[in-house]
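Q: Below are the structure tokens for one structure; questions will follow.
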Amino acid sequence: MLSETTLLGWFDWAVIGGYFLIVALIAWRSSKKQDSATDYFLGGRNIGWFAIGASLFASNIGSEHIVGLAGQGASTGMAMAHYELHAWLLLMLGWVFVPFYYQSGIFTMPEFLEKRFNSTARWILSLVSLSAYVLTKVSVTVYAGALVFQALMPTTFGTAENAFWVGAIATVILTGAYTVFGGLRAVLYTDAVQAVILLFGAIFILVLGLNRLGGWGELQAFAGADIGRFALWRPLSDPDFPWAGVLFASPIVGLWYWCTDQYIVQRTLAAKDLSTARRGAMFGSLLKISPVLIFLVPGLIGAALHAKGIISIPLRSDGSINGDMVFPTLVTSLLPAGIRGLVVAGLLAALMSSLSSLFNSSASLFTVDVYQKLRPAAGQRELVRVGRLATTVVVVLGLLWIPVMKMVSSGGLYQYLQNVQGYLAPSITAVFLLGLFWKRCNGPGAVWGLSLGFLMGMSKLTCQAFFSGSGNAGKWSEPAFLAAVADFNWLYASAVIFILSILIMVVASLLTAPQNQSELANVTYASLDHKSVRASWNRWDVLGTAMIILLILTIYLYFSFWI
């Protein structure tokens with residue numbers, strides 16, 4: 001192990017400083033043209049496919065992915081790989097969903113729901129999304145990044161606890177600053193740089209880790225010795241990842257996140273045309289395949305190195321590996337000077353790209369879906385000012401939520417995040433799918449489905465926080481019904497909420513008057529301008545999509561039988 005005083009040398013700091021200089025220059029240039037809401041929130045709608053694809057990847061892969069996925073790799077092996085192989089859902093975004101968003105001319109996802117249904121549906125999605133962003137994505141991302149600072153610079157600021165808070169506050173403020181002034185253009189272009197740094201840094205960890213372990217065969221042997229814990233597919237009796245739950249529930253979360261969430265979709269809306277948006281989604285899909293190999297597998301490598309005594313990963317109070325410390329330990333234990341700085345820069349890139357995307361998306365939702373609804377006569381410059389103010393408020397709320405995040409993240413950051421999203425996603429996924437492909441679905445159906453679906457999800461999450469029938473310390477076992485709800489597998493719960501949300505929407509729609517068909521132009525499959533959609537793609541787009549699907553299937557098949 002490296003000593004604390006040699007964790008980061010002068011060359012490491014030079015690499016990190018160079019990274020911040022590049023980000024500052026990009027943000028400064030991007031801030032020069034922010035005169036209208038379109039410029040600020042959608043980058044003037046003239047962004048190219050490379051920047052869009054890189055931003056989709058960098059926005060998704062935050063520090064919670066690097067820290068959390070490595071932790072899941074060490075503790076549960078390939079179980080979470082299903083979520084990372086959702087790269088095919090980015091193809092769904094480009095080919096299926098984006099044409100609706102483009103032809104309807106919307107800025108935000110809640111705005112689309114108003115065009116398709118009514119203003120009530122818009123308000124519900126706006127408020128749910130804003131609350132979820134602050135309480136989950138901001139807090140988890142900042143907390144994961146602060147853990148990395150705590151591990152890599154334990155004595156730089158006096159104590160490890162000081163390093164945690166300095167890292168958290170500094171990155172939030174710096175990211176908030178360039179997002180406030182640069183808007184989405186700054187977010188997209190800095191994301192393109194950050195994606196490259198992130199990939200290179202993680203690949204170094206993979207290669208050096210495998211080298212220290214003794215090669216891929218050693219990793220397979222380690223995983224094969226405990227196949228029940230490290231396999232991709234688990235039996236139905238598995239308490240956390242039964243194969244049926246993963247198969248049916250994970251795409252529900254994936255469809256919400258990749259195809260209907262403002263945080264992701266806003267990148268494609270910045271494209272100069274539909275063809276560019278689709279190709280950006282395709283490029284993002286290609287990049288999205290990599291986390292299995294560069295984040296999840298290194299976590300498994302870390303567990304194997306720990307078992308061999310080559311590195312020492314901190315343990316939890318129950319004696320198990322502290323998964324959230326696996327990646328920082330790999331960085332401090334394996335990497336030479338300079339490369340260590342590159343990886344730290346990559347971690348900063350992941351943290352800042354996710355936060356910047358989140359800040360800008362939150363500002364868009366508040367400004368377009370809340371403020372502009374209350375003040376429809378607001379001018380373009382006023383909307384930009386409000387967007388900047390909204391970003392600042394989200395930055396402050398994110399900082400205030402960090403102490404709470406320290407208390408709720410003990411179960412593993414990435415699984416915690418997927419757990420919460422598993423209860424949030426079903427009703428939103430249901431309302432978009434039925435809204436696009438069933439024209440009889442109407443406003444009352446959407447409102448009832450969204451409201452009751454969200455209520456069911458939050459009720460399950462509340463029960464899970466306070467009740468347990470399996471004797472978990474500090475949780476109530478009575479009443480038995482609530483304890484049973486709490487212990488019901490989170491994947492199955494997600495699927496049940498999705499099915500119930502659809503049933504509620506169908507019943508409520510059929511019991512109320514249908515919408516006027518003239519209101520549905522470009523917001524349902526039947527009313528879409530299919531000729532213009534067909535004109536936006538060619539055979540090379542089809543060939544590229546087929547190759548990406550083949551690559552995803554190959555990886556899926558390999559890891560299904562690799563041990």
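The values are calculated or read from the model by the stated rules, or taken from the named source; none is laboratory data. These numbers come from a predicted model, not from an experiment. As a convention, Cβ positions derive from the backbone with ideal geometry for all residues, glycine included, and neighbour counts pool all protein chains shown.
Q: Provide a single number: the residues in segment 281-323 that are over 30 Å from ALA51 (Cα atoms) and either surrounded by fewer than 18 Cβ atoms within 10 Å (Cβ to Cβ) or modelled with pLDDT under 85 (or both). Before you say what the answer is, go through the steps one by one.
A: So in segment 281-323, the residues over 30 Å from ALA51 (Cα atoms) come out as 300-323.
Those still in the list that are either surrounded by fewer than 18 Cβ atoms within 10 Å (Cβ to Cβ) or modelled with pLDDT under 85 (or both) too: 307-310, 312, 314-323.
Adding up the residues that qualify gives 15.
Q: When residues of segment 212-252 are filtered for being out of contact with any Ser or Thr (no Cβ under 6 Å at 6 or more places or on another chain) and assigned to a helix (DSSP H, G or I), how many remain?
A: The number of residues fulfilling the criteria is 23.
Q: Please indicate, with yes or no, whether at least one residue in segment 521-533 is outside any loop (DSSP other than H, G, I, E, B) and touching a Leu at 6+ places or on another chain (Cβ under 9 Å).
A: Here is the first cut: in segment 521-533, the residues outside any loop (DSSP other than H, G, I, E, B) are 530-533.
Then keep just the ones that are touching a Leu at 6+ places or on another chain (Cβ under 9 Å); that gives 532-533.
So far as segment 521-533 goes, yes, one or more of its residues are outside any loop (DSSP other than H, G, I, E, B) and touching a Leu at 6+ places or on another chain (Cβ under 9 Å).
Q: Return the residue satisfying two criteria in turn: it lies in segment 222-265 and is charged (D, E, K, R) and within 20 Å of THR76 (Cβ to Cβ), and of such residues it is modelled with the highest pLDDT.
A: Among those that are charged (D, E, K, R) and within 20 Å of THR76 (Cβ to Cβ), it is ARG234.
Conditions (1) under 19 Å from LEU247 (Cβ atoms); (2) under 14 Å from the mean Cα position of the chain (by Cα); (3) buried (at least 24 other Cβ atoms within 10 Å of the Cβ); (4) not polar (S, T, N, Q), marked per residue:
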| position | (1), (2), (3), (4) |
| --- | --- |
| HIS65 | no, yes, yes, yes |
| GLY68 | no, yes, yes, yes |
| GLY73 | no, no, yes, yes |
| MET80 | yes, yes, yes, yes |
| TRP88 | yes, no, no, yes |
| LEU93 | no, no, yes, yes |
| TYR102 | no, no, no, yes |
| GLY105 | no, no, no, yes |
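Q: Further, regarding this structure: Could you tell me which numbered condition VAL343 fails, if it satisfies all but one of (1) touching a Leu at 6+ places or on another chain (Cβ under 7 Å); (2) without any contact (Cβ under 8 Å) to a residue 40 or more places away in the chain?
A: If we test VAL343 against (1) touching a Leu at 6+ places or on another chain (Cβ under 7 Å); (2) without any contact (Cβ under 8 Å) to a residue 40 or more places away in the chain, just (2) comes out false.
Q: Specify the residue that is modelled with the lowest pLDDT; the eligible residues are those in segment 15-42 that are within 22 Å of the chain's Cα centre (by Cα) and either closer than 18 Å to GLY284 by Cα or aliphatic (A, V, I, L, M) (or both).
A: LEU42
Q: Among (1) in contact with a helix residue (DSSP H, G or I) (Cβ under 9 Å, 6 or more places away or on another chain); (2) closer than 29 Å to VAL246 by Cα; (3) modelled with pLDDT of 90 or more, which single condition is VAL542 missing?
A: Going through (1) in contact with a helix residue (DSSP H, G or I) (Cβ under 9 Å, 6 or more places away or on another chain); (2) closer than 29 Å to VAL246 by Cα; (3) modelled with pLDDT of 90 or more one by one, VAL542 breaks only (1).
Q: Just to be sure before I move on: is PRO239 more than 30 Å from SER312 (Cα to Cα) and not polar (S, T, N, Q) in the structure I sent?
A: Numbers: more than 30 Å from SER312 (Cα to Cα): no; not polar (S, T, N, Q): yes.
No.
Q: Moving on to the next point. What do you reckon, is MET92 of a type in the set (A, V, I, L, M), within 30 Å of TYR556 (Cβ to Cβ), assigned to a loop (DSSP other than H, G, I, E, B) and modelled with pLDDT of 80 or more?
A: In short, no.
Q: Among the residues of segment 473-498, count how many are in a helix (DSSP H, G or I) and in contact (Cβ under 8 Å) with a residue 12 or more places away in the chain.
A: First pass over segment 473-498, keeping only residues in a helix (DSSP H, G or I): 480-487, 490-498.
Okay, now just the ones that are also in contact (Cβ under 8 Å) with a residue 12 or more places away in the chain, so 482-487, 490-495, 497-498.
The qualifying residues number 14.
Q: Failed condition for ALA271, given (1) within 30 Å of LEU553 (Cβ to Cβ); (2) modelled with pLDDT of 90 or more, with all others met?
A: (2)
Q: Exactly one of (1) more than 23 Å from the chain's Cα centre (by Cα); (2) crowded, with 18+ Cβ neighbours inside 10 Å; (3) modelled with pLDDT of 80 or more; (4) hydrophobic (A, V, I, L, M, F, W, C) is unmet by VAL207. Its number?
A: With respect to (1) more than 23 Å from the chain's Cα centre (by Cα); (2) crowded, with 18+ Cβ neighbours inside 10 Å; (3) modelled with pLDDT of 80 or more; (4) hydrophobic (A, V, I, L, M, F, W, C), VAL207 is out only on (2).
Q: Check segment 96-108 and report whether any residue there is in a loop (DSSP other than H, G, I, E, B), hydroxyl-bearing (Ser, Thr, Tyr) and modelled with pLDDT under 90. Explain how you work it out, then say what you get.
A: Looking only at segment 96-108, we keep the residues that are in a loop (DSSP other than H, G, I, E, B), and these are 105-108.
Filter once more, keeping what is hydroxyl-bearing (Ser, Thr, Tyr): 108.
From the residues that got through so far, the ones that are modelled with pLDDT under 90 too are 108.
Yes, there is a match, as at least one residue in segment 96-108 is in a loop (DSSP other than H, G, I, E, B), hydroxyl-bearing (Ser, Thr, Tyr) and modelled with pLDDT under 90.
Q: Those residues that are at pLDDT 80 or above and in contact with a Phe, Trp or Tyr (Cβ under 9 Å, 6 or more places away or on another chain), I need them from segment 356-368; list them, please. Can you show your working first?
A: We begin by selecting, within segment 356-368, every residue at pLDDT 80 or above; these are 366-367.
Within segment 356-368, just THR367 meets the criteria.
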